[in-house]
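Questions regarding the structure given below will be posed in turn.
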Number of protein chains: 4
Amino acid sequence: MVLTSAQRVRRAAVKLFADKGFHGTGIRDLAQAAKLSPASLYHYMGTKEELLGAIMRESLNRLLTGAHEVTAGLAEPPEKLAALVALHVFTHAKQPAETKVVDNEVRALSAGLRREIVRLRDEYEQLWAETMETGLAAGVFHDDEPAVTRLALLEMCNGVARWYSPRGPLGLDRLAAHYAKLALRMAGAAESDCANAVRAAARVVSTVWRTPL
Amino acid sequence: MVLTSAQRVRRAAVKLFADKGFHGTGIRDLAQAAKLSPASLYHYMGTKEELLGAIMRESLNRLLTGAHEVTAGLAEPPEKLAALVALHVFTHAKQPAETKVVDNEVRALSAGLRREIVRLRDEYEQLWAETMETGLAAGVFHDDEPAVTRLALLEMCNGVARWYSPRGPLGLDRLAAHYAKLALRMAGAAESDCANAVRAAARVVSTVWRTPL
Amino acid sequence: MVLTSAQRVRRAAVKLFADKGFHGTGIRDLAQAAKLSPASLYHYMGTKEELLGAIMRESLNRLLTGAHEVTAGLAEPPEKLAALVALHVFTHAKQPAETKVVDNEVRALSAGLRREIVRLRDEYEQLWAETMETGLAAGVFHDDEPAVTRLALLEMCNGVARWYSPRGPLGLDRLAAHYAKLALRMAGAAESDCANAVRAAARVVSTVWRTPL
Amino acid sequence: MVLTSAQRVRRAAVKLFADKGFHGTGIRDLAQAAKLSPASLYHYMGTKEELLGAIMRESLNRLLTGAHEVTAGLAEPPEKLAALVALHVFTHAKQPAETKVVDNEVRALSAGLRREIVRLRDEYEQLWAETMETGLAAGVFHDDEPAVTRLALLEMCNGVARWYSPRGPLGLDRLAAHYAKLALRMAGAAESDCANAVRAAARVVSTVWRTPL
DNA sequence: CATGAATGAGCATTCATTCAT
DNA sequence: CATGAATGAATGCTCATTCAT
């Protein structure tokens, strides 16, 4: 399959920003990876920073949309949390480069862009927070430090992008299910709730991920 | 309290590498933060990269030593795991800059130094792995994906450096205890084992952290 | 009134070269001002430098032709000088952009084009020199440094392009007449000759400028 | 005589900005002319534009100071005008590069610096305007368009920097005296006033120019 | 006639580093 | 111990220009 120049630029940027960091990636690295001259790069991007911003915006928007879709049909907090975790893990395992960029390079943005990206990220994290609160209020979660647990949970899931390999022994569905179970345990859900919730999550998430992104 | 120039350089580097990344930090930034001229910096360091390496080496060695000390007197896997988690969390909460550098900037090292640092890190992580294996073999942990759980655990604990604030409502001891409990839950330990293990961990860790670092 | 693309290019170049200088004007500035893409520009010009040369050539040729026309019917040196000055001032006031380009951007030309343009300029200035010499020989001008005076005169007249505004209080005819008088004074002409000469000059110059350029 | 690097940078900039214009001069040209690497240039300047601004500021300040000194001891408008003209001509003949930069490159400055430089230039030109007004009010000058004459006068004098050569037949004192006479004629001063005024001007100006600048 | 895509060369500026003083 | 002076290499980005469509 032949890629357009614009696509090659985007992919080169995602890969290089993820591997070497924004400041560690030069415009000439980008050009070489995109098989373009440094000058030609500028047909497909504004500045290097705007390219970074565009990558982050797109990635976060996709995650946010996915999170809404995936929780839409679910009523119980354990199911919802499992679905959020599974989607997050799926995304981080399938697109480790994009997600590493989102997770690590916010500091490279200057004020204006940073504000926008942080707002998107906060919006996304709010979905997790609401789910946990609802579950605690309903008595299906048990946790004396829910704020901490939520952060711990997120960081745990982000980590997937750092180590998961599709060539490893663990399938994506198994991985997502395992993380969902870990999450429910961390939230203090009853073991009996886990299996159902994890199953429900697996179903909706794989639906979202069948859709081409 | 007055700092020596060497100390000012070290601290400036830790802070700036943590905040802006290795490649995002210039020698001039370092000099300014250390209240030295760029040329004078070179009395206290080799190259910028060697400075990074030294910071990482020291930080990892300290963690490794601490891990040995903290587990030395403990026999049961739950206690050991709780101690490792608590020490890790303590360290990441007290020295977020150092640990962020260790966790994020390995990619900035060139081959030689990287090998050394990665070896240290692997040595440290091996302690976690052994503890989990022993616990599983002894039937006090229950987990069908222990390798994954170990990685999830580590990432979760690393995350503390990214968000913990000493000005927040949560004390360090409470935080460490909470993480220890989360970890034991993730490992599938019995709830009844948790409380004891966490208490034991708290005792030994605070001993280590009373010692000046 | 609608302009052709070629005209838009020419006008954009004249304006921008005058305002920002040849080196200060980019091909993209030109394209934007001409409402064309940078590539399309090249249907209407050779290189950027050739465009500059063409503007200068045309402008100088027009001035040269005008100078011949304007002095053709006049016999007395004061009348001729007055006519030359008036035409020069008229031209610089009506076409400040063109004349600024001619006066300031010769240095931007490379050797070949520069030679051509300088030759045209010299040919034009020769008309002033001859007029002054004739007047001195005839005893109607009095000046002990005529070469200097001629240069001073020219620079003074060139200056008009830098400050004259049609929105100011001074009409073009009054301006030209005033400069003609200043010139005759500088040449040491008798005050009694001035009035006549200036009147004669005004007549011929306005004739030339009624013709569309 | 050996020059410091800082002096070489300054001189190179003055010469090159004058010859090829600000935009026509590259940082590499500057470095080569100053016998320094492009990087070393930046020990002695801020940006290229700030270097331009510094040159202009210094040049204008010197001219302004000189104008005050030179007119301080003179009472009569013709003498004052002659002195201003003679100083201006002296300066433009002796420092053609500096003055060409001041006269031609204001447009290359960005808003902030431009404002500052234009203010200085206006302050200087105000001295000419006041002198002419006083002379007209006193009836020693006769001119029905004094504003125009003042501008014509200035442009005429600026022109000196464009053509005067110390290797030509005309001495600096003679040149200045001639311009002073031209100026008085343009202002409509009586011929009888000219000789005295020019002599007085010559005296004060050469005093100022004996002082090292 | 018009332009999107492309580029080699060049831009001003900053980089980490060295060294004489 | 400290630094001003110096630099080769690299930075992100723009330049004028060409050409296939």
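Please identify every one of the trypsin sites (Lys or Arg not before Pro) in the range A:1-58 that sits in a loop by DSSP and has no more than 16 other beta carbons within 10 Å of its own beta carbon.
Working: sites: A:ARG8, A:ARG10, A:ARG11, A:LYS15, A:LYS20, A:ARG28, A:LYS35, A:LYS48, A:ARG57; in loops: A:LYS35.
Those that pass, being in a loop and sparsely packed, are A:LYS35.
Put the label 7 Å from Cα along Cα→Cβ for C:GLU125; what are its distances to the other copies, in nanometres, shortest first?
Nearest first, the other copies' label points are 2.5, 7.2, 7.8 nm away.
Where in the range B:177-192 does the label zone of A:HIS142 land, with the point 7 angstrom along Cα→C-beta and an amide N cut-off under 15 Å?
In the range B:177-192, the label zone of A:HIS142 (backbone N under 15 Å from the point 7 Å along Cα→Cβ) covers B:181-182, B:185-186, B:189-192.
Suppose accessible area is computed on protein heavy atoms with a 1.4 Å probe; arrange A:HIS43, C:HIS142 from highest to lowest.
Working: A:HIS43 150, C:HIS142 105 Å².
Descending order: A:HIS43, C:HIS142.
Something else: For the peptides C:21-27, D:95-101, what is the packing order when you average, over each peptide's residues, the other Cβ atoms within 10 Å and list the highest mean first?
Details: C:21-27: 19.1, D:95-101: 21.4.
Per-residue mean Cβ counts within 10 Å order the peptides as D:95-101, C:21-27.
At a Förster distance of 25 Å, what's the computed FRET efficiency of A:ILE27 paired with B:GLN32, Cβ-Cβ distance as r, to 0.05? Could you put the intermediate results ahead of the total?
Numbers: r = 26 Å, r/R0 = 1.05.
For R0 = 25 Å, the calculated efficiency reads 0.40.
While we're looking at this one, here's another question. The range C:98-213: percent of C-alpha pairs farther apart than 19 Å? Before the final figure, lay out each step's value.
Numbers: 3827 of 6670 pairs.
Here the long-distance tail beyond 19 Å is 57 percent of all Cα pairs in the range C:98-213.
How far apart, in nm, are two points set 7 Å out from the Cα along the Cα-to-Cβ line at A:SER5 and at D:ARG115?
4.2 nm
If you don't mind, there's one more thing I want to ask. Check the straight Cα-Cα distances from B:LYS20 and name the lysines below 29 Å, setting aside those fewer than 8 residues away within the same chain.
B:LYS20 reaches A:LYS15, A:LYS20, A:LYS48, A:LYS94, A:LYS100, B:LYS35, B:LYS48, B:LYS94, B:LYS100, D:LYS48.
Okay, moving on. I need the inter-copy label distances for C:GLU58: point set 7 Å along Cα to C-beta, values in nm with one decimal, smallest first.
For C:GLU58, the inter-copy label distances come out at 4.3, 4.5, 7.1 nm.
Another one. Within the range D:153-196, which trypsin sites (Lys or Arg not before Pro) sit in a loop by DSSP and count at most 15 neighbouring Cβ atoms inside 10 Å? List each step's numbers first, then the result.
Numbers: sites: D:ARG162, D:ARG167, D:ARG174, D:LYS181, D:ARG185; in loops: D:ARG167.
Answer in residue order: D:ARG167.
Shifting gears a bit: At q = 0.13, 0.15, 0.20 Å⁻¹, what base-10 log of I(q)/I(0) does the Debye formula yield for the range B:1-45 when every alpha carbon is treated as an equal point scatterer in vacuo?
Reported log10 I(q)/I(0), two decimals: -0.23, -0.31, -0.54.
If you don't mind, another one. Determine which chain C residue has its Cβ at minimum distance from the rotation axis mapping C onto A, giving the value in whole Å.
Nearest residue, distance rounded to whole Å: C:ALA39, 3.
While we're here: For the range C:117-130, just list the computed ³J(HN,Hα) in residue order, Karplus coefficients 6.51, -1.76 and 1.60, θ = phi - 60°, integers in Hz, with x standing in for Gly and Pro.
In residue order, the calculated couplings are 5, 5, 4, 4, 5, 4, 4, 5, 5, 4, 4, 5, 4, 4 Hz.
Can I ask one more? Semi-axes of chain A's equivalent ellipsoid from the Cα gyration tensor, sqrt of 5 times each eigenvalue, largest first, rounded to whole Å? Before the final figure, lay out the partial values.
Values: eigenvalues 240, 64, 39 Å².
One finds semi-axes of 35, 18, 14 Å for chain A.
With a Förster radius of 25 Å, plug the Cβ-Cβ distance of B:ALA75 and B:GLU125 into 1/(1 + (r/R0)^6) and report the FRET value to the nearest 0.05. Don't skip to the end; give the middle numbers.
Details: r = 22 Å, r/R0 = 0.86.
The pair B:ALA75/B:GLU125 has a calculated efficiency of 0.70.
Normalised by the residues of chain D, what does the relative contact order come to in percent, with Cα pairs under 8 Å and at least six apart?
Working: 238 pairs, mean separation 57.1, N = 213.
In percent, rounded to a whole number, it is 27.
Additional query: Please report, for B:TRP163, the nm distances (one decimal) from its label point, 7 Å out from Cα along the beta-carbon direction, to the equivalent points in the remaining copies, shortest first.
Once sorted, the set of distances for B:TRP163 reads 2.0, 6.9, 7.9 nm.
Right, next: Ordered by residue, what ³J(HN,Hα) values in Hz, to whole numbers, does the range D:90-96 give under the Karplus form 6.51 cos²θ - 1.76 cosθ + 1.60, where θ = phi - 60° and Gly and Pro are x?
With coefficients 6.51, -1.76 and 1.60, one gets 3, 4, 5, 7, 7, 10, x Hz.
If one computes the Cα centroid of the range A:49-71 and of the range C:125-177, what distance in Å separates the two points?
70 Å
Near D:SER59, within a Cβ-to-Cβ distance under 14 Å, what is the net charge of the other residues, with Lys and Arg +1 and Asp and Glu -1?
Working: positive: D:ARG10, D:ARG11, D:LYS15, D:ARG57, D:ARG62, D:LYS94, D:LYS100, D:ARG121; negative: D:GLU58, D:GLU98, D:ASP103, D:GLU105, D:GLU116, D:GLU123.
Within the 14 Å Cβ shell, the charges total +2.
Along the range A:103-116, what does the Karplus equation 6.51 cos²θ - 1.76 cosθ + 1.60 (θ = phi - 60°) give for ³J(HN,Hα), rounded to whole Hz, x for Gly and Pro?
3J(HN,Hα) across the range A:103-116, in whole Hz: 6, 10, 9, 4, 5, 7, 7, 7, 2, x, 4, 4, 4, 4.
May I pose another question? Could you tally the net charge around D:MET186, taking each other residue with its Cβ under 11 Å from the Cβ of D:MET186, Lys/Arg +1 and Asp/Glu -1?
Working: positive: C:LYS181, C:ARG185, D:ARG150, D:LYS181, D:ARG185; negative: D:ASP143, D:GLU145.
Value of the local net charge: +3.
Could you give me the radius of gyration and the Dmax of the protein assembly as shown, taking only the C-alpha atoms into account and expressing both in angstrom?
Rg and Dmax of the protein assembly as shown, Cα atoms, are 40.4, 125 Å.
Relative to the first principal axis of the alpha-carbon coordinates of chain B, what is the inclination of helix B:48-72, with its axis defined by its Cα atoms, in degrees from 0 to 90 and to the nearest 10?
20 degrees
Let's test the formula: R0 of 56 Å, r as the Cβ-Cβ distance of A:ALA39 and B:THR134. What FRET efficiency results, to the nearest 0.05?
0.40
Turning to a different aspect of this structure: Run the quick spin-label model on C:THR47 and B:SER192: label points 7 Å from Cα toward the beta carbon, then report their separation in nm to one decimal.
Modelled inter-label distance: 9.1 nm.
In debye, nearest 20, what is the charge dipole magnitude of the range A:1-115 about its Cα centre with +1 on Lys and Arg Cβ and -1 on Asp and Glu Cβ, if you could check?
Details: 16 positive and 11 negative charges, 91 e Å.
Around 440 debye, computed over the range A:1-115.
Report, in cubic angstrom per residue, the convex hull volume of the C-alpha atoms of the range C:32-116.
Working: hull volume 10.1 nm³, N = 85.
Convex hull volume per residue, Cα atoms: 119 Å³.
Return the distance in nm (one decimal) between the two label points of a simple spin-label model at C:ASP19 and A:THR207, each offset 7 Å from Cα along Cα→Cβ.
Placing both labels 7 Å along Cα→Cβ, they lie 5.9 nm apart.
While we're looking at this one, here's another question. Go ahead and set up a Gaussian network model of chain B, Cα springs under 10 Å, then flag whichever of B:LEU113, B:LEU36, B:LEU74 fluctuates most.
Judging by the Gaussian network model, the answer is B:LEU36.
The values are calculated or read from the model by the stated rules, or taken from the named source; none is laboratory data. On a predicted model such as this, the values are computed, not experimentally measured, just so you know. With ideal geometry, Cβ positions are generated from the backbone for all residues, glycine too; neighbour counts draw on all protein chains shown. Accessible surface is based on the protein model in full, side chains and every heavy atom, while ligands, DNA and RNA are left aside. Shrake-Rupley method; radii C 1.70, N 1.55, O 1.52, S 1.80 Å.
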